[in-house]
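Asks: Let me begin by handing over the structure; questions about it come next.
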Amino acid sequence: MKFFRFLSIIVIVLALSALAIADTIKLKDGSVIRGKVIGFRDGQFIVIIGTGARARRMTFFVEEIESIEFDSNESQIATNENTNPKPNTQKDQDQQGTLNTSSKVTVVKSDPLTVGSSVKVKENPKVKETIKINVKVLADNTANGWTNAGLVVKKGQKIRVTGKGQIYLGGGRFCGPEGMKTLPDPEKLIPDAPTGALIAVIGDDNNDFIFIGAQNEFIAQREGTLFLGVNEGNLDDNSGAFDVIVEVEPENKPK
C-alpha cells in the first residue's frame with residue numbers, strides 16, 4: 001500500500017514538472033506570455049496557454065512578437081493545422097526544425113518582393129558640420145568700417161557670433177564688444193545699442209544692422225555676405241580689433 005502511495009506521489013511530481021515546462025513569448029508591447037508554441041500558420045504563431053480544462057489557444061502575429069524562448073528541447077513548430085506534430089523519421093524531424101533546450105529565436109519580419117517591384121533606398125548623406133571661422137574685426141575706418149567675414153549666408157540660416165578683446169575709441173576710452181552705454185554718439189548706426197559695440201549686417205546694400213555685443217544668435221533674414229563692424233559714427237581715431245568667432249549652421253542640420 002505504501003509502495004503504491006509512493007509511486008502515485010512520483011507520478012504527480014513528474015506531471016507537475018512537465019507542466020512547468022513552457023515556452024516564453026515576449027511581445028513588443030512588453031508583455032510576456034508563457035505557453036506552448038504548437039504551430040505557425042498564415043503569419044501567426046499558435047500558442048496553447050494553460051492546461052486541462054483551463055487550456056486555451058491564442059494566436060500572435062509575427063509583427064507583435066519580439067522574441068521566443070523555447071524551454072524544452074521537445075518544442076517544435078508545425079507549419080500546418082496539426083497541433084501535435086510527431087515526425088515519424090529523423091528526416092522529418094530535421095525538416096521541422098527541432099530546437100535545443102533554452103535556444104532563443106528572434107522573429108524578424110521580411111517583406112517579400114514581387115517580380116518587377118523596385119526598392120528605393122533612402123540615402124543617408126553625411127550631415128554637414130557647422131561652419132566656424134575666426135575673424136579680426138578692425139575698429140578703424142579701414143574698408144569703410146566694415147570687415148568682410150568671408151561668408152555668404154542664406155536666408156533662414158542660424159548664425160552665432162561671439163566677440164572678445166578690446167578696442168580703442170579715442171579720447172582715452174577703451175571698450176569690449178559689448179560697447180559703452182554711457183558714451184553718447186548721435187551718428188552711430190544702431191542708436192539704441194551701446195557705442196563701440198560689435199555689430200553685423202548682411203549684404204553691402206542693407207541698413208538692417210544687427211547688434212552682436214559679446215555674443216548673439218540670429219536667423220538670417222536675407223541672403224548675402226556677412227559684414228562685421230563697430231557701432232560708432234566716427235572711426236578715424238579708433239584702433240585695435242575684436243577677435244570674433246562666427247558659426248553658421250548648415251541648412252540640412254537636423255533639429
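The values are calculated or read from the model by the stated rules, or taken from the named source; none is laboratory data. What you see is a predicted model, and the numbers here were worked out from it, not measured in a lab. Cβ: placed from backbone, ideal geometry, glycine included. Neighbour counts: every protein chain shown.
Asks: Residue by residue through segment 187-220, note down the ones that are surrounded by fewer than 18 Cβ atoms within 10 Å (Cβ to Cβ) and either at pLDDT below 95 or of a type in the set (D, E, K, R) (or both).
Replies: Glu187, Asp192, Gly203, Asp204, Asp205, Asn206, Asn207, Asp208, Glu217
Asks: While we're looking at this one, here's another question. Could you please tell me which pairs satisfy a Cβ distance under 7 Å, a separation of 6+ or placement on different chains, a first residue in segment 173-194 that is over 19 Å from Asn141 (Cα atoms), and a second residue that is among the hydrophobic types (A, V, I, L, M, F, W, C) and in a loop (DSSP other than H, G, I, E, B)?
Replies: Sorted first by the residue in segment 173-194, then by its partner, the pairs are Glu178/Ala197; Glu178/Ala214.
Asks: Which residues, taken from segment 152-186, are of a type in the set (A, V, I, L, M) and surrounded by fewer than 19 Cβ atoms within 10 Å (Cβ to Cβ)?
Replies: Val152, Met180, Leu183
Asks: Separate question: Condition (residue is surrounded by fewer than 18 Cβ atoms within 10 Å (Cβ to Cβ), assigned by TED's automatic domain parsing to the domain that holds Asn141, at negative phi and without any contact (Cβ under 8 Å) to a residue 40 or more places away in the chain) applied to segment 224-239: is it met by at least one residue?
Replies: There is no residue in segment 224-239 that is surrounded by fewer than 18 Cβ atoms within 10 Å (Cβ to Cβ), assigned by TED's automatic domain parsing to the domain that holds Asn141, at negative phi and without any contact (Cβ under 8 Å) to a residue 40 or more places away in the chain.
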